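In what follows, a single structure is set out as structure tokens and then discussed.
Values in this text are rule-based calculations from the coordinates and carry no lab data. Small disclaimer: the values here were computed from a predicted structure and weren't measured.
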Amino acid sequence: MLHSKTLFRLHEWLADRVSFIQYPKPRAYPVGAPTWTLARRWRNRPPMPWPVAVIPPPLMLFVPGGVYLAIAYIAFLFIYCRHPR
């Protein structure tokens, strides 16, 4: 996978040359902030492997009170797998 800075530059280059591609939003990071804040780590999170997403909810149904855990896990999957941009 390409680094986010490379993707940004590629998007800029394409916007210069192709008429229907819009320029990307400017990326502004605070100068004094640490490089890996929690919000930035969440934006750049890796994709979740499919076994980690598929296997736990059915297994949680065998645990007492696991129905609520399974529902919470599925809600977490919707949040985690949402596109970060």
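With θ set to phi - 60° and the Karplus curve 6.51 cos²θ - 1.76 cosθ + 1.60, what are the ³J(HN,Hα) couplings of the stretch 58-69 in order, to the nearest whole Hz, using x for Gly and Pro?
Going residue by residue, I get x, 5, 5, 5, 8, 9, x, x, x, 4, 5, 5 Hz, with x marking Gly and Pro.
Read phi for every residue in the stretch 39-49 and hand back ³J(HN,Hα) as whole Hz from Karplus 6.51 cos²θ - 1.76 cosθ + 1.60, θ = phi - 60°, with x for Gly and Pro.
Along the stretch 39-49, the couplings run 5, 6, 5, 5, 5, 9, 5, x, x, 7, x Hz.
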